[in-house]
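Right, one structure below, let's go through it.
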Amino acid sequence: MKLLIIDDEKSIRLSLQVGLKKLGVEIFTAASGEEGLALFEQTKPDIAIIDIKLPGIDGIEVLRRIRKDNKTCIILMITYISEVRLAVEAMKLGAHDYFTKPFNIEEIKDSIENHVHYIKMKKELCKEKDENYSEIIGVSKQIEEVREIANKVSQMPYNTFILIQGESGTGKEIIAKAIHYNGVRNNKPYVALNCAAIPQNLQESELFGYEKGAFSDAKTAKKGLIEEAHGGTLFFDEIGDMDILLQAKLLRVLQEKRFRRLGGVKEIAFDATIVAATNKNLLEEIKLGNFREDLYYRLNVIPIYTTPLRNRSEDIVVLIRSFIDYYNQELNKNIRGFTEKALAICKAYEWKGNVRELKNAIERIMIFQENEWIDVEDLPPNITADKSIAATNANLESVEMETVNRALKQNDWNITKTALELGISRLTLRRKIEKYSITK
């Protein structure tokens, strides 16, 4: 990850270098607009921090020139409080955020950290949409723990067993793919069996394969998924739905590392990393007689638990950015993001379908979206109709009304000046004045 700082004040450059060093980014600095543009072309940074007031070419022009050829770099602007009007202009030209001097280095650090996973997603989407690659997206403590386990497991030189448990839509298969494609087995096969999608009477033949004549429809021999996954990773999605008799056969294969195709007599060697996932409580399934206890303990060597999205709301922002970027490319659009109010509502929503529901919602919104920014009225009705969301929205409107009212008073009801300060158009400001019945 590369970071470019363009600021004519040496103390500011040094302060940012020291404060952001712990992020693990490669930092470059420039003292003028001309030097910054040359260094930008040379280093191709992922993030740029640009002072608005620069000698020679000013920060606004630097931003404009960068955005002419580069739409992906995350750009943060620095300005004095008296130059907020210029910061608003910078946002319209494609800056992602701005900070006023004297700035809080922790706020800049938080902003950069929130963009790191977004940048990774953008880079991977540019790799000709490699369907095999997977990135675990999120900044929450729970996601960091999952990512750490997945990274360690992916680098193991020997095959092992991983059991991923969590609600539907929490990204269990993403974790399985990350373990495979980000590790030492990435040049070996990745094979998946969805135990809930394949009828139980077909699971055995899919898993073990069969010889010609093994049954009436077996016109030719066929390799099973176990055989295809040899040396790589075999992923059992929704293993809690696997037939109880097939569980016994699978356990024997995992212990002996050998198997036979249906109708075959020859034993075939097998060894692979086994990743199993389920949204069921397997200990309860064991009590009910639906899952074998010995298979559970064979699979549960390295347990991974996925946390529901409603319990890690800080990941919603990062995920939304990733999905917006993805669908901008898929739908050939240029939507910049969510307004603060719309984002706050999404963070307050329960997301019972977890990441899958969030991704589907973003796709649905962007198919019909025409404006640059997604606002509250653009959200699906099921989100805005939620009672807790309605309360959140009412609170947000109260805060907005107070903010608009205060800004108008501070600017002596100068509509143009107030609109610039709030970063909205004069027409939008007048609509808000009417909406909240604000008077002098």
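The values are calculated or read from the model by the stated rules, or taken from the named source; none is laboratory data. Every value quoted in this text rests on a predicted model; they were computed, and no experiment measured them. Glycine also receives a Cβ, built like all others from the backbone with ideal geometry; neighbour counts cover every protein chain displayed. Accessible surface is based on the protein model in full, side chains and every heavy atom, while ligands, DNA and RNA are left aside. Shrake-Rupley method; radii C 1.70, N 1.55, O 1.52, S 1.80 Å.
Structure above, values below:
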quantity	calculated
Paramagnetic label zone (point 7 Å from Cα along Cα-to-C-beta, residue 23; backbone N under 16 Å) in the range 70-95	72-79, 95
Set 2/109; 152/287; 53/92; 44/92 screened for pairs whose C-alpha atoms are more than 24 Å apart	152/287
The range 326-440 shape via C-alpha gyration tensor axes, a/c threshold 1.5	oblate
Estimated distance in nm for a label pair at residue 72 and residue 410, the labels positioned 7 Å out from Cα along Cα-to-Cβ	3.8 nm
At least 27 Å along the helix axis (C-alpha) and Kyte average at least 0.0, DSSP helices within the chain	none
Potential extension, residue 61-residue 256 segment - 0.36 nm per residue separation minus Cα distance	63.5 nm
The chain, accessible area per residue, ligands and nucleic acids excluded (1.4 Å, Å²)	51 Å²
Selected from 216, 398, 313 as most flexible by GNM, with the chain as the system and alpha-carbon contacts under 10 Å	216
Distance between modelled label sites at residue 293 and residue 9, nm, 7 Å Cα→Cβ extension	6.8 nm
Packing-based order for 229-242, 283-296, using average beta carbon neighbours within 10 Å, highest first	229-242, 283-296
Rounded FRET efficiency, nearest 0.05, which uses the C-beta distance separating residue 201 from residue 314 and R0 of 51 Å	0.70
Choice from 314, 377, 34 with maximal GNM fluctuation in the chain (Cα, 10 Å cutoff)	377
Highest-fluctuation residue, 138, 169, 224 considered, GNM on the chain with Cα pairs under 10 Å	224
The chain - share of DSSP beta bridges that are antiparallel (%, nearest 5)	10 percent
Reach of residue 440 by Cα under 20 Å, taken over aspartates and glutamates that are not fewer than 8 positions away in the same chain	397, 400, 402, 412, 421
Listed pairs 347/417; 101/432; 172/352; 222/266 exceeding 24 Å between Cα atoms	347/417; 101/432
Residue among 335, 295, 345 farthest towards the positive dipole end of the range 224-382, charges placed on Cβ	295
Protein accessible area in the chain, 1.4 Å probe - carbon and sulfur %	48 percent
Förster-model FRET efficiency, 60 Å R0, residue 106 and residue 283, C-beta, rounded to 0.05	0.90
Calculated log₁₀ intensity ratio I(q)/I(0) where the Debye formula runs over C-alpha points of the range 132-257, q = 0.11 Å⁻¹	-0.44
Structure-based [θ]222 nm, the chain - -39500 (n - 2.57) summed over DSSP H runs of at least 4, per residue, nearest 500	-15000 deg cm²/dmol
In nm, spacing of pseudo-spin labels at residue 382 and residue 249 (7 Å Cα→C-beta vector)	3.8 nm
Cross-link partners of residue 333 among aspartates and glutamates (Cα-Cα below 20 Å; sequence separation of 8 or more within a chain)	69, 124, 128, 325, 363, 370, 372, 375, 377, 378
